[in-house]
Amino acid sequence: MAERMTRGGFAQPGSAMAFKTGSWRDLVAPRHLHGLAPCAGACPAGEDAQAYLAPLTNGDVKSAWEILVTANPLPATTGRICHHPCETACNRGQFDEALAIHAVERYLGDAALHNQWAYPGIPQTTTEPAVAVVGGGPAGLACAYHLRRLGHAVTIFDALVEPGGTVATSIPPYRMPKEILQAEARRILETGITWQGHTRVGSDVDLDELRREFAAVFLAPGSQRTKPWDVAGVVPAQLHDGLALLHTWMEVGSMPPWHKIAVVGGGNTSVDVARALKRCGVEEVHLVTHNGLPWDAEDPMRAIAREVRQAMEEGVVIHANCGAERLLLRGNRIIGVVLVAMKKMRGADGKWHRHGFPGTEQVLMVDEVIPAIGQTVDPSGFESLLQGLDYFDVDHHGRMTHHQGLYAGGDARSGSSGMASPAIGDGRRAAAAIHAALCNNPLLPEKQRPLVPITEMHLQYFETAPRAEPSILPVAQRQGEAEIEQSLTARQALDEAVRCLSCGNCMICDNCWTFCPDQAVLKLNHTIQGDGSPYVFDMAFCKGCGICANECPTAFIRMAPEQDEQG
Amino acid sequence: MNNTAALRDMSSIRQQQSRFEGLTPGHRACQGCGQALAARLVLESSGPDVVVANATGCLEVFTTAWPQSAWTIPWMHSVFSNTAALAAGMEAAFKARDISTKVLAFAGDGGTFDIGFQALSGMIERGHNVLFVCYDNEAYMNTGVQRSSSTPVAAATTTSPAGIARTGKRHLKKDIVAIIAAHCMPYAATASVAYPNDLKDKVRRGIQTPGPAFLMIHSPCPLGWMHDSAKGIEVARLGVETGLVPLIEMEYGQQTSAMPLRRVRPVVDYLKPQGRFRHLFADDPMARQELAHLQALADHNIAHYGLQESQPESGDSHAAASVRRGTVAVVPPGAV
Ligand SMILES: Cc1cc2nc3c(=O)[nH]c(=O)nc-3n(C[C@H](O)[C@H](O)[C@H](O)COP(=O)(O)OP(=O)(O)OC[C@H]3O[C@@H](n4cnc5c(N)ncnc54)[C@H](O)[C@@H]3O)c2cc1C
Ligand SMILES: Cc1ncc(C[n+]2csc(CCOP(=O)(O)OP(=O)(O)O)c2C)c(N)n1
Ligand code: SF4
Ligand code: SF4
Ligand code: SF4
């Protein structure tokens, strides 16, 4: 052997690689840990933005869309109307500006419609009996889609002729073009779903009948019944409900000939009604809400910030932190409304109450006061389930605890925030629960990955870059059905994807491979492993110095106790 | 997978790495050694057609625990003082036999600034075609952290301890690059392990220089600088970002480039993580004065080398050592 030599002799040295410096590690070892990016943690529909932005950085639009629709089958829709909490959570927001996730989502959704891509991974075979879904809005469509992905036959019952639910009936075309929603809904139905339009559960078909004939029933009727409203016990003689007005406007395109109007409510409905009134030429439109503005830290209104901003641009006057205290009447006719400043405060009982402050009254002289304060579930047909409650009570998976085989989600469940993307998430979770029940499998909790806050990232490796901004129609051009916010160009979408910091996931930057002083990080040729990276640690030589973890921009490498090491 | 299979698998993966491994793992450098990383990066961009003359010091010791060696290129150990002479001799022999193999000389700062300096000056003066690389860890580390003429002012070493009378080393770091450049030197540059692309570029330029070239690489030493082994790259980067470690190139005595600083950090950011400067954060007027001194030195460097005179181009990954996700994708045909 080369290792033995006599004095003055010659020998080839052996390789230092016979000496395994891995034994020097002191309790901790580097480990790949695919953390949860804040965007993914915040998405109510369950999307992992980072996962679909990754193929987009290489120009692979189709793969990006295919990853996106593993969670949300309606991206061209949510890309337009979602309140995008992902962007509020996006780590990049603390670095320069948040990723324009909704705009990329919309770009992918539009690209799929344009290219007529079909959903991937829908099995041909279906298990019978089918699952019944009541309501073809976002919740029902998402549930049906995911059930199809899981191999089940599905029938959707809806009182309306067309799918789309409230998004189709109530969101104005200037921000949700009908044909986009219809195309996405149609594509969902084309996965092999039976659509039973014009069929109201409770009158055309009985819930008990459905429970007998179907393997399970998912209830997603939304909230369609207007909440009762009065001002100090007084109701206007001719009550115009905000949502009903909006429906009329969307169908016939006009509003009564008013001059000055106050709309009451802090949700999306009140904002859309106010904007529709403005478009119909009403000179003064006031929006009165108990809440603060959407961007206020305290008690923000539920309406989407972007929409409120645009409404203000269009001339809607917002009275935030205000309540209607009294209607000013001349006989039956409304001539004005008295507003009072209000604030949500914690009382002595520890509960939140709204207080009006005497002495802050102001009078708005208006022709009508229009409530748009929200809806509850229309109980007809579901009386036995609701038992007087406004919404269905369900667990995290949409299961109605006391009713075997019944599930519910979307706007109709208690605790819902009344938005489309949470409804989609509800549909997805319920589909998983139904699938588990029908297969007699235990319902496994969704895999929880630890969240990656920006403080764990190594930001020195990133450069600032401006966020992609879609172009917005100037106020003067906001007419008819013209969409206000435009789509990103392909160039913008691709560049935006590159801005993603890849929080918690390997971005294949080579830093660990480059910086390890012991070459204990090896790179596989073009192989992405299950953990999402093409790198492996050669633990025989890793001394556990921690450099790779410290220089990993994305916090994908963590130093972890040795026993956690999985080889 | 059982252990032997895993090992076999690793070694076949190792053989497929898309880089030249002139220095193998299994070397006995401390956890997080900057010098081990620097040497590998140098060979990555110069090998395999090179030979190395290596001065006594950490690099020599930790790579060659007899009967093993971590070098995969011909390598020769010189005594502490004569690395440049050995390299010059090898180069002369190659020249006589018309061999084009490049000769590299490796030494620590002790072996460059102090004890190896005379031989180095002679080698340059005689115009030998050698790239001399100084791994600057700013003290005699292998014998237990004694101050060298490269140790920065105020750093504590075993021979320049901090105490009641003194705040670490009293003398300035020698401006070795200026001295080397004064030899009518074709190429002299400084680099840092925190900027590996820039480092590898400078190695390539040094290799291509016909005649002597000199590269000094700022190489953190967790033991001697007393920082967390995970923080080596971070400390090196902060050295550059504060202006204390200017990354420059000099050709024929003239400065021809400086890596521009995107953001200038206060020197305390660099000093704080290092135990060798801990005494500067004591509540003591002498300590405050030395801190101000180091800040003034950094400010002087920024002005003297023009570290803020040019702006790095966006996407210039060398200067920023920045990363981006994916490739610069072209818009696919048919995209909407
Ligand atoms: C004016 C307005 C603006 C909005 N703007 C936004 C926005 O910008 N962004 C956002 O995220 N969300 C917005 N929303 C809320 C969003 O539309 C809802 O959160 C979402 O549609 C809820 O989906 P869902 O599937 O639970 O119910 P829905 O969409 O309401 O669908 C329920 C479906 O069930 C059917 N149905 C009801 N009862 C029965 C029955 N007994 N038998 C058979 N079928 C029945 C209905 O016909 C309907 O098609 C807005 C809502 C309104 C009113
Ligand atoms: C002539 C001579 N003097 C002293 C030594 C002892 N000695 C061996 S290594 C070393 C320190 C080397 O310091 P440096 O050149 O800075 O390299 P480092 O170990 O820091 O990498 C010393 C002093 C020696 N080998 N030869
Ligand atoms: S930077 Fe990317 S991964 Fe990180 S939160 Fe934002 S979109 Fe998600
Ligand atoms: S840099 Fe290398 S030696 Fe250090 S912990 Fe990472 S893999 Fe191990
Ligand atoms: S350092 Fe870069 S390549 Fe290595 S794991 Fe982290 S993100 Fe991936």
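Amide H to amide H under 5 Å from residue A:329: which residues, 5+ apart in sequence or cross-chain, H placed 1.01 Å off N in plane? Sorted by chain and number, the residues that satisfy this are A:335. Accessible surface for the range B:79-177, divided over its residues, is 41 Å² per residue with a 1.4 Å probe.
A Förster radius of 41 Å combined with the Cβ-Cβ distance from residue B:97 to residue B:172 puts the calculated FRET efficiency at roughly 0.40.
Once the chain from residue A:441 to residue A:353 is taken as fully extended at 0.36 nm per residue, the excess over their C-alpha distance is 27.2 nm. DSSP beta bridges fully contained in the protein assembly as shown are about 40 percent antiparallel.
Taking the protein heavy atoms of chain B in the context of the full set of protein chains, the accessible area attributed to carbon and sulfur is 55 percent at 1.4 Å. Ranking A:339, A:386, A:500 by Cα position along the charge dipole of the protein assembly as shown, where only Lys, Arg, Asp and Glu carry charges on their C-beta atoms, puts A:500 farthest toward the positive end. Shown here is the pair-distance distribution of the range A:287-433: with all Cα-Cα distances grouped in 10 Å bins from zero up to the longest one, the shares run 10, 26, 29, 25, 9, 1 percent.
Using a probe of 1.4 Å, the accessible surface attributed to residue B:207 totals some 40 Å² when neighbouring protein chains are kept in position. Binning the C-alpha pair distances of chain A at 10 Å intervals from 0 yields a P(r) profile of 3, 15, 22, 23, 18, 10, 5, 2, 1, 1, 0, 0, 0 %, listed from the shortest bin outward.
Applying 0.36 nm per residue to the separation of residue A:525 and residue A:471 and subtracting their alpha-carbon distance, the gain on full extension is 15.3 nm.
Heavy atoms of chains B and A lose about 5200 Å² of accessible surface on contact, summed over both sides with a 1.4 Å probe. For the range A:231-372, the per residue solvent-accessible surface stands at 47 Å², with DNA, RNA and ligands left out and a 1.4 Å probe. Would you be so kind as to identify which of A:90, A:161, A:145 lies farthest towards the positive end of the dipole of the protein assembly as shown, taking Lys and Arg as +1 and Asp and Glu as -1 on Cβ and the Cα centre as origin? Farthest along the dipole direction, towards plus: A:90.
To the nearest 0.05, what FRET efficiency results for residue B:182 and residue B:126 with a Förster distance of 22 Å applied to their C-beta separation? So, using R0 = 22 Å, E works out to roughly 0.90.
Excluding same-chain neighbours fewer than eight residues apart, the lysines reachable from residue B:102 by a Cα-Cα span under 24 Å are B:200, B:202. When the residues A:367, B:283, B:109 are ordered by accessible surface, computed with a 1.4 Å probe over the protein chains alone, the sequence from largest down reads B:283, A:367, B:109. In summary, the lysines within cross-link reach of residue A:260, defined as a Cα separation below 29 angstrom excluding same-chain residues under 8 places away, comprise A:227, A:278, A:343, A:344. Legend: calculated FRET efficiency, residue B:13 to residue B:330, from the Cβ-Cβ distance at R0 = 41 Å, rounded to 0.05, equals 0.85.
For chain A, carbon and sulfur atoms together expose 52% of the accessible surface, with a 1.4 angstrom probe and every protein chain in place. How would chain B be classified by its alpha-carbon gyration tensor: rounded, prolate or oblate, with rounded meaning a/c under 1.5 and the a/b versus b/c comparison settling the rest? Cα axes put chain B in the rounded bin. The Cα-based radius of gyration of the range A:231-372, divided by its Kirkwood radius, gives an Rg/Rh of 0.97. With both labels modelled 7 Å from their Cα along Cα-to-Cβ, the residue A:232 to residue A:12 distance reads 10.2 nm. When A:391, A:107 are compared by accessible area of protein heavy atoms, the largest-first order is A:391, A:107, using a 1.4 Å probe.
Our helix-only sum for chain A, with -39,500 (n - 2.57) per DSSP H run of n ≥ 4 divided by its residues, gives a mean residue ellipticity at 222 nm of -8000 deg cm²/dmol. Looking at the range B:21-325 only, what percent of DSSP beta bridges run antiparallel? Nearest 5 please. Restricted to the range B:21-325, the bridges split so that about 30 percent are antiparallel.
A dipole drawn for the range B:21-325 from +1 and -1 charges on Cβ atoms has a positive end, and of B:270, B:209, B:54 the residue lying farthest that way is B:270.
The values are calculated or read from the model by the stated rules, or taken from the named source; none is laboratory data. None of the values given here were measured: they were computed from a predicted structure. All Cβ positions, glycine included, derive from the backbone under ideal geometry; neighbour counts span all protein chains shown. Only protein heavy atoms, including side chains, enter the accessible area calculation; ligands, DNA and RNA are left aside. Shrake-Rupley method; radii C 1.70, N 1.55, O 1.52, S 1.80 Å.
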